[in-house]
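First the structure, in the form of C-alpha cells, and then the observations on it.
The values are calculated or read from the model by the stated rules, or taken from the named source; none is laboratory data. Given the structure is predicted, the values throughout are model-derived calculations rather than measurements. Heads up, the Cβs are rebuilt from the backbone with ideal geometry, glycines too, and the neighbour counts pull from every protein chain shown. Each accessible area value is taken on the protein alone, full model and side chains, heavy atoms only, with ligands, DNA and RNA left out. Shrake-Rupley method; radii C 1.70, N 1.55, O 1.52, S 1.80 Å.
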Amino acid sequence: MNKTELIDAVAQATELSKVASSKAVDAVLAAIGKSLRNGESVVLTGFGTFSVRERPARSGHNPKTGQPME
C-alpha cells in the first residue's frame with residue numbers, strides 16, 4: 001500500500017473527502033516525524049513502534065568505479 005492508497009482507504013472508512021483524508025494522513029505522518037526528530041520513540045499499540053537508531057557505517061564499493069566506500 002502506498003500513500004495514495006492509504007488516503008483512499010481512510011476516505012472510504014471515515015466517509016471523509018479525499019482532501020480531508022489527505023490532510024489527516026499528512027498530519028499523522030508529520031507528528032510521527034516530529035517526534036522521531038526530537039529523539040522520541042512512537043508506539044502505536046497493535047501496529048508498531050518507530051524509533052531512530054544509530055548504526056555504524058558498513059563498508060561497500062561503488063558499483064560504477066569499484067572503489068571502496070562506507
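Shown here for region 1-64: GluC sites (Glu not before Pro) in loop regions (DSSP other than H, G, I, E, B) with at most 10 other Cβ atoms within 10 Å, namely Glu15, Glu54.
Once the chain from Ala13 to Ser41 is taken as fully extended at 0.36 nm per residue, the excess over their C-alpha distance is 7.3 nm.
Taking the convex hull of the alpha carbon positions in the chain and averaging its projected area over all directions gives 7.6 nm².
Taking a sphere under 14 Å around the Cβ of Ala20 and counting the other residues whose Cβ falls inside, with K and R at +1 and D and E at -1, yields a net charge of -1. For Leu16, nonlocal amide neighbours, meaning residues 5 or more places apart or on other chains whose placed amide H falls under 5 Å from its own, do not occur. Note on Leu16: accessible area approximately 80 square angstrom, rounded to 10, probe 1.4 Å, nucleic acids and ligands left out.
Here the extension length gained between Ala27 and Val52 equals 7.0 nm, from 0.36 nm per residue of separation less the Cα-Cα distance. Modelled spin-label separation between Met69 and Met1, with each label point placed 7 Å from Cα along the Cα-to-Cβ direction: 3.6 nm.
Taking a straight Cα-Cα cut-off under 30 Å and skipping sequence neighbours fewer than 8 places away in the same chain, the lysines within cross-link reach of Lys23 are Lys3, Lys34. Each of Thr49, Thr4, Asn38 was placed along the dipole of the chain (beta-carbon charges, centred on the mean Cα), and the one lying farthest toward the positive end is Asn38. Counting only protein heavy atoms and using a 1.4 Å probe, the accessible area of Thr14 comes to about 70 Å². Derived scalar couplings between HN and Hα for region 31-42 equal 5, 5, x, 5, 5, 5, 5, 7, x, 8, 9, 10 Hz in order, rounded to whole Hz, by the Karplus curve 6.51 cos²θ - 1.76 cosθ + 1.60 (θ = phi - 60°), x for Gly and Pro.
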